[in-house]
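All remarks here apply to the structure that follows.
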Amino acid sequence: MFRLFRGIKKKTSDSYFLALDIGTDFVKALVCEANGKKGRILGVGKKQQKLGDMNSGVVTDIASVIANCHSAIREAENMANVSTKKMILGISGELVKGATNTTSYIRRDANSKIDLSELKNIVHKVQWKAFDAVRSQLSHETGYSEIDVKLVNAAIVDVRIDGYKVTNPIGFQGKEVTLSIFNAFAPLVHYGALQTIASEIDKELLAIAAEPYALTRALGYEDGGQFSSIFIDIGGGTTNVAIVRNGAVEGTKMFTVGGRTFTKRLSQSLNIAYKEAEDIKLAYSNDKLERQSNKIVREAMKIDADVWLSGVVLTLEDFAELDSLPSKILLSGGGAHLPEIKEALESREWYQGLPFTRKPQINFLNTKLISNLLDETKLLKDPQDVMPMALANLALEFMNEEQLLSKVLKKVVRLMQI
């Protein structure tokens, strides 16, 4: 009996942390070690969710999802032989919305230098103004009252003094301070369910982060902040769309067509059980079906690919305030495997009514592109592994937070989340 328990004591350190992606189909857990701005992935855990656990990215059975989370975490921590104390948790779903608001603040005395006290006051006023605007918009779009909308996370994407770009306003003079702040919001019922799950897991919560935002931070903008792209992540229950222009997140939106939609279509078309349809869909995605079966499945998939593409177009139309859209599209998520997804985006007609300057180029977001993380498990190779890695990358940012502005904003956000 003694042998069974030898070596069970796991290593623990403040540098270890957990990234938890609670998806509609799977809970995915990564155990990582932070080393400055870089990190190592030491353990991977995965647990399939039952059909009734989640619906379109929203938790519908809290107790069952908690059990799935514990299972995935246990697997990841056992692989790493590490016990984590800190955690980042991803949030998605159709009603999670994000937008960047640009607001200006006119200073009373343009000649005085900005100090910490004034900076706190500016961030507080600008963020509350942005918060009210986006919360009101989300309330209007969803039918939820404003009090039922919660701020998920916020980030400063641009700071200017009299039009001059700065990273830290302290010590500068000037009349007009302009801040661009990205805010992500979710309905209280959705956000509250995740808070309940987080408290049951009982780890220090680095953040509950909007997953599309995490995705936009994953590449690190190594080309000097001029990076522009549309990120499309196709999960089990939702498709997340995020737009980045010149290194700044313009906004995030989601719609409820994901991998499960395609599986249900296949289940109905072939009159087979959902589980069998899922297995056939995966075999089809990996080009492992014989010719006749492949043709039948392809017909069924094409119908929903057209529906999915309509969702993409409608979502991009919501960014009507943008004078142009980036011509690079990066795909991730388990649903990106379906060949019809890329084919639909490469068809000629859909983008012509949208403000693209040229035909968009479609590529896959590869896990190797997330350069801040080294996968020592060698298990993360799939488009569906991108999201938990993006969350881990964002956790690294939070753990290395040095910018004074970000710290000031974080304090303001905490007040708003009470």
In a solvent-free Debye calculation with one equal scatterer on each Cα, what is log10 I(q)/I(0) for the range 257-297 at q = 0.18, 0.19, 0.26 Å⁻¹, listed in the order of the q values? -0.43, -0.48, -0.87
Quick check: convex hull of the Cα atoms in the chain, volume per residue, rounded to a whole Å³? 158 Å³
Residue-by-residue Karplus 3J(HN,Hα) for the range 15-29, coefficients 6.51, -1.76, 1.60, Hz, glycine and proline x: 7, 7, 8, 10, 10, 10, 10, 8, x, 4, 9, 9, 8, 10, 10
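So for H124, H190, fewest C-beta neighbours within 10 Å to most, what's the order? Before the final figure, lay out the partial values.
Details: H124 16, H190 21.
The most exposed by this proxy come first: H124, H190.
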Say the dipole of the chain comes from +1 at the beta carbon of Lys and Arg and -1 at that of Asp and Glu; which of V166, Y351, G237 then lies farthest toward its positive end? V166
Run through the range 159-239 and list the trypsin sites (Lys or Arg not before Pro) located in a DSSP loop whose Cβ has at most 16 other Cβ atoms within 10 Å. K175
Running a GNM on the chain with Cα contacts under 10 Å, which residue among S332, S293, S406 ends up with the highest mean-square fluctuation? S293
In the range 297-418, if every C-alpha pair distance is counted and binned at 10 Å from zero, what percent goes to each bin? 10, 29, 28, 25, 7, 1
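For the range 192-325, what mean projected area does the convex hull of the alpha carbons give, in nm²? Let's see the in-between values first.
Details: hull surface 46.5 nm².
With every direction weighted equally, the projected area is 11.6 nm².
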Kirkwood calc, the range 280-354, C-alpha pairs only, radius in angstrom 13.9 Å
Name the residue farthest towards the positive end of the dipole of the chain from the options T263, N183, M301, assuming +1 on Cβ of Lys and Arg, -1 on Cβ of Asp and Glu, about the Cα centre. N183
Hey, in the GNM for the chain with a 10 angstrom Cα cutoff, which one of R260, R135, R107 fluctuates hardest? R107
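Evaluate the charge dipole of the chain about its Cα centre and quote only its size in Debye, nearest 20, assuming +1 on the Cβ of each Lys and Arg and -1 on the Cβ of each Asp and Glu.
Values: 53 positive and 50 negative charges, 215 e Å.
Rounded to the nearest 20 debye, it is 1040 debye.
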At q = 0.10, 0.16, 0.18 Å⁻¹, the log10 of I(q)/I(0) for the range 57-210 from a Debye sum over equal Cα scatterers comes to -0.50, -0.92, -1.02
Round to a whole angstrom and tell me the spacing of the C-alpha centers of the range 341-362 and the range 231-267. 16 Å
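Readers should treat all values here as calculations from the given coordinates under stated rules, not as data from a laboratory. Quick caveat, the model's predicted, so the values are computed rather than measured. Glycine also receives a Cβ, built like all others from the backbone with ideal geometry; neighbour counts cover every protein chain displayed.
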